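One structure is given below, encoded as structure tokens.
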Amino acid sequence: MYNPISGFSKLSKTEKVKWLLDTYFTNKDQAETLVTQYWNSDQKLQKLHDEFIENTITNYYLPLGVAPNFKINNQLYTIPMAIEESSVVAAASKAAKFWLNRGGFKAEVISTEKIGQVHFTYTGNFENLERFFNSVKPQLISSTTHITNNMKRRGGGILDIELRNKTEELKDYYQLHATFETLDAMGANFINSCLEQFAETLKNEADKSLNGQLDIVMSILSNYVPNCLVRAEVSCPISELKSKDISKPELFALKFKQAVSIAEVEPYRAVTHNKGIMNGIDAVVLATGNDFRAVEAGVHAYAARNGNYTSLTHCAIDDDVFKFWVEIPLALGTVGGLTNLHPLVKFSLELLENPSAKDLMKVVAVAGLAQNFAAVKSLTTTGIQEGHMKMHLINILNQYEATENEKSELITYFKTNVVTHSAVVEAIENIRK
Ligand code: MEV
């Protein structure tokens, strides 16, 4: 048990590290080397990263990989993916290649509306509040012109503000439910600034005409964006599914569809099924500097929108045509936030040929669909462990500090032998005897 520290955030980075070493580590030299070896020698670059958050002590690396050969609406993409899980990029690349000569992926943005709410309490008569809201609504909008001018000029801005009576769910609870078009920006700052201005104007006006019966609780955007939707799809005649590992395409298609149907009705499976989709989605969201927590929260809420948590992808077989698609809400940005700051985010966006937010929504949805296709294909044919463990092999070898020679020998050996943790350990021990 250590004494609490005050003023930690004011210490320099070196002082912070020293406090950590003195307080928590027995082998201080080893811990210090670990932390400092990840500092970038380019001071300017390091400072940029230090300033992203509070109390930075070092950098935490994740691999940035790429999955080439994604044909989306007849255009070829190489998709950047930041992720630690060994099999994800390989699976995405495999799925991209599989669909490359089967028509590729089709993607379309269905809607782009974002949402924000001012939550407030009101203790008076609802008709009075409604009348007051209707009279003050133009003022709510005009009070934000200093925030919305630029966005409006580019074609976006506030779409509408509604008054919502939530008193059946919670005593005295009402909302301003506002909708926004934020174009290529994810829009969190824009929306939150507008909402805080709505709240201020609402409170000021209410104090004049509603006898202090209205109180603001909070103003914040919603990460649930069911009207910011994108759809991605693949389809081909069943006979064209035939490939190296699909010898009986009809059987494959039926089993694949059955696996998706199981995820549609069984929440335990749906969560893992959707986790596989998020493997692809989060990796691209992260590589392009977007907020993966916001995306995760919104996507899972959407998966449960009808009261049961269900699959985000769907499959149909019509007239011998296999069709597989995803429909998901994605609030993404290609301007603002980290997009103009993090050098690798800029690199990733340039790799995607500087997409609009709508284009990025399509790419991200496709990455999710591809990932799910690869996972369900493996699950319903070879099983997931074959590919997974092959990719994991190198992690196990690294864990046992295998030399380059040992690695190359064992990678060859495991091309024809089943990879399990114990089999790899045994093989290393055999070589080292
Ligand atoms: C592993 O990260 C993802 C899978 O479990 C997804 C799935 O089961 O569909 C393979």
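The values are calculated or read from the model by the stated rules, or taken from the named source; none is laboratory data. Note that the structure is predicted; figures quoted are calculated from it, not measured. Virtual Cβ from ideal backbone geometry, glycine too; neighbours counted across all protein chains shown.
Annotations for the structure displayed:
- Residue match in region 87-100 (condition: within 16 Å of the ligand (Cβ to nearest atom), β-branched (Val, Ile, Thr), assigned to a helix (DSSP H, G or I) and outside the structural domain of TYR173 (by TED's automatic domain parsing)): yes
- When PHE126, PHE120 are checked against the criterion of being at pLDDT 95 or above, outside the structural domain of SER356 (by TED's automatic domain parsing) and either exposed (fewer than 13 other Cβ atoms within 10 Å of the Cβ) or within 16 Å of the ligand (Cβ to nearest atom) (or both), PHE126 stands alone in meeting it.
- From the options ILE83, ILE110, residue that is modelled with pLDDT of 95 or more, under 18 Å from the mean Cα position of the chain (by Cα) and more than 21 Å from ILE246 (Cβ to Cβ): ILE83
- Boolean, ASN204 is exposed (fewer than 14 other Cβ atoms within 10 Å of the Cβ) and either outside the structural domain of VAL295 (by TED's automatic domain parsing) or touching a residue at least 40 places away in the same chain (Cβ under 8 Å) (or both): yes
- Test for SER378: is it among the polar types (S, T, N, Q), crowded, with 20+ Cβ neighbours inside 10 Å and closer than 30 Å to LEU241 by Cα: yes
- Subset of region 275-292 [touching a residue at least 40 places away in the same chain (Cβ under 8 Å) and not hydrophobic (A, V, I, L, M, F, W, C)]: GLY276, ASN279, GLY280, ASP282, THR288, GLY289, ASN290, ASP291
- Counting only helices (runs of 4 or more DSSP H) that sit completely within region 242-359, those holding 2 or more residues that are at pLDDT 95 or above, within 16 Å of the ligand (Cβ to nearest atom) and closer than 23 Å to ARG231 by Cβ correspond to 249-265, 267-287, 292-303.
- Inclusion of GLY368 among residues that are within 13 Å of the ligand (Cβ to nearest atom) and surrounded by fewer than 17 Cβ atoms within 10 Å (Cβ to Cβ) is not warranted.
- Test: residue in region 41-59 that is free of Cβ contacts under 8 Å to residues at least 40 places away in the same chain, at positive phi and exposed (fewer than 11 other Cβ atoms within 10 Å of the Cβ): no
- The single condition among (1) in contact with a strand residue (DSSP E or B) (Cβ under 7 Å, 6 or more places away or on another chain); (2) not in a strand (DSSP E or B) that ILE216 does not satisfy is (2).
- Annotation note: of LYS407, LYS390, the sole residue that is within 16 Å of the ligand (Cβ to nearest atom), assigned to a helix (DSSP H, G or I) and among the charged types (D, E, K, R) is LYS390.
- Odd one out for THR145, checked against (1) among the hydroxyl-bearing types (Ser, Thr, Tyr); (2) out of contact with any strand residue (DSSP E or B) (no Cβ under 8 Å at 6 or more places or on another chain); (3) surrounded by 19 or more Cβ atoms within 10 Å (Cβ to Cβ): (3)
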